[in-house]
Amino acid sequence: MSAENKYAVELKGVSFQRGDRAIFNNVDIRIPRGKVTAIMGPSGCGKTTLLRLIGAQLKPSRGEVWVNGLNLPKLSRAELFDMRKQMGVLFQSGALFTDLDVFENVAFPLRVHTQLPDEMIRDIVLMKLQAVGLRGALDLMPDELSGGMKRRVALARAIALDPQILMYDEPFVGQDPIAMGVLVRLIRLLNDALGITSIVVSHDLAETASIADYLYVVGDTQVLGQGTPEELMNSENPRVRQFMQGTPDGPVPFHFPAANYRDDLLGER
Amino acid sequence: MRKTSTLERVRLFGRAGLDVLATLGRSTVFLLRALFGRGSSGNSLQLLIKQLYSVGVMSLAIIVVSGVFIGMVLSLQGFSILAKYGSEQAVGQMVALTLLRELGPVVTALLFAGRAGSALTAEIGNMKSTEQLSSLAMIGVDPLKYIVAPRLWAGFISMPLLAMIFSVVGIWGGAMVAVDWLGVYEGSFWANMQSSVAFREDVLNGVIKSLVFAFVVTWIAVFQGYDCEPTSEGISRATTRTVVYASLAVLGLDFILTALMFGDF
């Protein structure tokens with residue numbers, strides 16, 4: 001298998017800045033095709049930014065982002081929208097269209113990108129909803145769904161066009177244990193059944209490590225570590241170890257950088 | 001509190017100027033992409049009809065009620081002034097010219113900015129904060145074509161029509177007060193109006209004004225929603241900006257257009 005085929009997504013020397021603050025500095029990440037790859041790291045380290053770079057919603061200040069053999073920063077706006085048909089994204093909030101019911105939300109990508117007859121669209125939508133266990137909710141509006149159900153409907157919509165790459169932005173945040181268990185199972189199941197490449201951005205260690213084939217730990221503008229969950233659990237890198245073991249003491253500070261505490265309290269106001 | 005030096009003030013002033021220019025540039029690119037960018041938005045006609053209903057038809061009530069009352073007030077005020085000079089028969093012509101040339105387009109634009117403009121900003125801003133715009137983009141649908149363009153066209157089409165309806169019901173309200181209540185002779189009320197209102201000079205210029213206002217108000221409303229900070233506070237600030245900027249733009253442009261159309265230069 002050639003390198004191009006082996007990796008669905010490749011970030012080469014990517015840097016990204018927001019204002020004066022560097023989010024990533026010369027980062028290299030390779031996402032193997034057909035596997036579940038997790039990108040982990042503490043809150044605010046730029047994990048969602050990384051997903052937006054892969055989805056070309058943001059342009060890197062430097063470097064290349066290759067998806068299925070296409071260098072995204074070089075594509076035109078029309079080519080980008082065309083390329084995104086190969087991708088599905090599960091947003092943190094679900095991002096369902098609030099003026100459409102569950103059925104129409106899932107049918108939306110099929111209606112805008114295909115010329116399929118209504119009967120076939122109906123069958124596909126029912127199959128996708130069946131896959132996430134919500135075929136019975138097809139008439140409900142998004143505001144009638146719980147948070148976990150919204151995410152499952154969004155997942156059905158994300159797989160409506162059978163994408164090659166599926167990205168999950170913090171899929172486990174705010175989920176009750178049952179919903180979380182369902183999501184964990186679904187991500188693994190969809191990946192294996194559909195043969196897609198899954199990228200999970202999360203800071204929920206146990207759930208993510210249980211389904212990921214490969215892990216990247218990012219933080220401090222860099223990739224701090226990468227490997228299988230077992231390899232990272234036994235990492236020599238103290239930053240990676242602190243994150244993987246969830247210990248409060250270590251190289252990642254509890255306090256945001258600030259002036260001297262005593263000077264702040266007693267200094268000039 | 002930190003004191004600001006003169007040099008710092010100059011720097012902040014320059015920074016603000018550059019920010020304004022950057023926003024103008026962004027909003028122009030946004031408008032051109034939405035109106036003329038490539039890419040399909042699915043069933044465009046269906047999207048446009050839906051927006052014409054929510055932007056235009058839903059604004060009808062406020063436009064009709066305001067139009068009737070403004071026509072009635074104009075008639076009352078006009079009658080009391082003109083009666084002093086024995087010219088109360090000219091009240092029809094005064095009401096019609098005031099509504100067609102000025103109040104129809106201007107008040108409709110101001111009401112439209114408050115009713116439909118603020119709703120457009122809040123709706124698009126909310127779509128942005130709930131990641132619906134990002135989600136559309138990731139499905140491979142350009143939000144500028146699917147969300148913004150139908151709303152822009154709906155504003156461009158519906159506001160001139162609303163301004164015409166405003167003027168018509170205003171004249172009707174004026175006639176009701178002048179003819180039915182104040183006893184102005186009906187024949188002279190309508191005949192004076194017919195002889196003094198010119199189609200090109202008055203009606204067409206009024207329509208041109210409302211077309212310009214429609215363009216500016218809708219552009220400001222959709223851009224503020226699309227460009228807002230995706231938080232509750234950001235959406236509320238953007239909605240306020242829409243009403244303030246659109247109202248000021250309408251009043252400023254009205255002066256320029258009036259000077260160009262009716263000024264003797």
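Per-structure values
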| quantity | calculated |
| --- | --- |
| The protein assembly as shown: radius of gyration over Cα atoms, expressed as a fraction of 2.2 N^0.38 Å | 1.24 |
| Mean Cβ neighbour count within 10 Å, used as a protection proxy, ranking A:53-61, A:148-156, A:67-75 highest first | A:148-156, A:53-61, A:67-75 |
| Per-pair calculated FRET efficiency, R0 = 22 Å: residue B:60 and residue B:185 via Cβ, rounded to 0.05 | 0.10 |
| Estimated dipole of the protein assembly as shown in Debye, rounded to 20 [Cβ of Lys and Arg +1, of Asp and Glu -1, Cα centre] | 980 |
| Over 20 Å between alpha carbons, listed pairs B:128/B:209; A:6/A:35; A:85/A:128; A:35/A:74; A:59/A:150; B:50/B:145 | B:128/B:209; A:35/A:74; A:59/A:150 |
| Percent of alpha-carbon pairs separated by more than 28 Å within chain A | 40 |
| Per DSSP, loop trypsin sites (Lys or Arg not before Pro) in the stretch B:1-103 with at most 11 further Cβ within 10 Å | B:2, B:3, B:38 |
| Charge dipole (debye, nearest 20) of the stretch B:1-154; +1 at Cβ of Lys and Arg, -1 at Cβ of Asp and Glu | 600 |
| 10 Å Cβ neighbours from other chains, averaged over peptide B:70-79 | 0 |
| Base-10 log of normalised Debye intensity for the stretch B:60-262 (one unit scatterer per alpha-carbon) at q = 0.10, 0.19 Å⁻¹ | -0.49, -1.18 |
| Neighbourhood net charge (13 Å Cβ-Cβ; Lys/Arg +1, Asp/Glu -1) for residue B:128 | -4 |
| Neighbouring partner chain Cβ atoms per residue of B:138-148, average, 10 Å criterion | 6 |
| For the stretch B:106-211, the Rg and Dmax computed from alpha carbons only, in angstrom | 20.7, 66 |
| Over the stretch B:144-265: Kirkwood hydrodynamic radius from C-alpha pairwise inverse distances, Å | 17.1 |
| Amide N of the stretch A:19-52 lying under 12 Å from the label point, which is placed 7 angstrom from the Cα of residue A:193 along Cα→Cβ | none |
| Ranked B:79, B:69, criterion: other C-beta atoms within 10 Å, fewest first | B:69, B:79 |
| Of the DSSP H helices in chain A, those whose Cα atoms cover at least 24 Å axially and whose Kyte score averages -0.5 or more | A:177-194 |
| Reach of residue A:12 by Cα under 15 Å, taken over aspartates and glutamates that are not fewer than 8 positions away in the same chain | A:4, A:28, A:64 |
| Sorted by Cβ neighbour density within 10 Å, fewest at the top, the residues A:29, B:165 | B:165, A:29 |
| Per-residue mean of C-beta atoms belonging to partner chains within 10 Å, peptide A:182-192 | 0 |
| Listed peptides A:216-229, B:114-127 by packing density, highest first (mean Cβ within 10 Å) | B:114-127, A:216-229 |
| Cα-based helix-to-principal-axis angle, B:60-84 vs chain B, degrees rounded to 10 | 40 |
| Using alpha-carbon coordinates, inclination of helix B:6-36 to the longest axis of chain B, degrees | 80 |
| 11 Å beta-carbon shell around residue A:112, net charge (K/R +1, D/E -1) | +2 |
| Sorted by Cβ density within 10 Å, fewest first, the residues B:260, A:166 | B:260, A:166 |
| 0 to 90° range, to nearest 10: angle between helix B:149-175 axis and chain B longest Cα axis | 20 |
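Every number here is computed from the coordinates shown, using simple stated rules; none is lab data. Quantities reported herein were computed from a predicted structural model and do not represent experimental measurements. Virtual Cβ from ideal backbone geometry, glycine too; neighbours counted across all protein chains shown.
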